[in-house]
Amino acid sequence: MVKTDRKPDGTAQARATPDRPLGGPTRPTDPPTGPTTGPTTGFDALDRQLVHALQLDGRAPFSRIAAVLGVSDQTVARRYTRHRTTGALKVLGLADARALGEIEWMVRVQCTPDAAVSVAEALARRSDTSWVSLMSGGTEIAAVCRAASSDHSDALLLQKLPRTPSVVGVTAHCQLHEFFGGPQGLISKSGALTDTQIAELSPPPPDPPAAPVTLTDADRRLFDALAQDGRTPLGELAAVTGWSPTTVRRRLAELRADGVLYYDVDYDLRQFGHGVMVALWLSVAPAELAATGEALAVHPEVAFACATTGPHNLFASVLCRDVGALYTYLTTRVAALPGVRAMESAPRIRHIKGAGPLATLSPAASGRRR
């Protein structure tokens, strides 16, 4: 469950050739493709800028992204379509649990090795789970489970989790505070975009209402469609919700302004040089928890960080290039954190489900950033 180095290594990219769209200025277009060395081709600089732009605003028009990046509309659309088709890139429209008054639990399920995959897949099929992964040699499953409120958490954790003799243990930790995650992605730390470009592409910050937002049935159908594809056209969203396109546009703006709707980018980790993904559990002195969490959140290796209940009260998803880079990270950045009394790390060996609904991954996709 668990986004690497501040500037992940990529392979050599070819020089761009000029593109002259009808009626438009001369701008660079896609570099020609060809044989590359290494296990994957890697996203080039423009691809990474596009991913960063979509992380900031998943429904931003290609024309606006193109203007900020200094390329043609056709180039941006072509890049996105290519990566979307191969499964290397996907925009998700997601609902923020806190804005809805929901509780998120980080669940660790210990299984017998022969049953771990089937139990993990059963968890992944549930609509109230996300970030389902096999960890630690295939005997532990990590998942995030959402409950409508604290009153519903007991039913979720005690009755709805898989009940089988193959499950030998379950622990659950309530997420108390998020230091990094949600609309912030690991690409946000990459330096792909300049501060000026980020300011031009960023929407106004949300202004959450005082009380949790209650979704209508039409709202939930809207979120179901956006979870499949955050850039679903207005016409299709109108058909799903029964609203007019104008009403859909207005409701999207309202949900975004209230902090209920945010956009995330699901991308092929290999394209950014990520080779090792680890769940990191830290036990931190209570007086140091806030400062340690904030310090951890700015590490370029950290894709997600939150405070939780339990003896290990600080969790992070960590991405590194390889095990050597992970060792360096643990013995330098993590070792320097204040108040850390104990540490547990668990490598992820198989990604089952990310933030969106369960889907069959294409051969090009190898997981996700968290």
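How do 137-143, 229-235, 60-66 rank on mean C-beta neighbours within 10 Å, highest first?
Highest-to-lowest ranking by the protection proxy: 137-143, 60-66, 229-235.
Share of the range 295-343's accessible area from carbon and sulfur, percent, 1.4 Å? Don't jump to the answer; show the numbers that get you there.
On the way: 1210 of 1930 Å².
After summing per-atom areas, the C and S share lands at 63 percent.
With the Cα gyration tensor of the range 180-315 giving a ≥ b ≥ c as the square roots of its eigenvalues, does the rule (a/c under 1.5 for rounded; else a/b larger than b/c for prolate; else oblate) give rounded, prolate or oblate?
It is prolate, given that a/c is not under 1.5 and a/b is the larger ratio.
Give me the number: length gained by fully extending V170 to A45, i.e. 0.36 nm times residue separation minus the C-alpha to C-alpha distance, one decimal in nm. Provide the component values of the computation, followed by the final result.
Working: separation 125, 0.36 × 125 = 45.00 nm, distance 4.29 nm.
My answer for the length gained is 40.7 nm.
At 0.36 nm per residue, minus the direct Cα-Cα distance, what do D224 and A210 gain on full extension? Give it in nm, one decimal, please.
Numbers: separation 14, 0.36 × 14 = 5.04 nm, distance 2.51 nm.
The span from D224 to A210 would gain 2.5 nm if fully extended.
The values are calculated or read from the model by the stated rules, or taken from the named source; none is laboratory data. Quantities reported herein were computed from a predicted structural model and do not represent experimental measurements. Every residue, glycine as well, gets a Cβ built from its backbone with ideal geometry; the counts of neighbours run over all protein chains shown. Accessible surface is based on the protein model in full, side chains and every heavy atom, while ligands, DNA and RNA are left aside. Shrake-Rupley method; radii C 1.70, N 1.55, O 1.52, S 1.80 Å.
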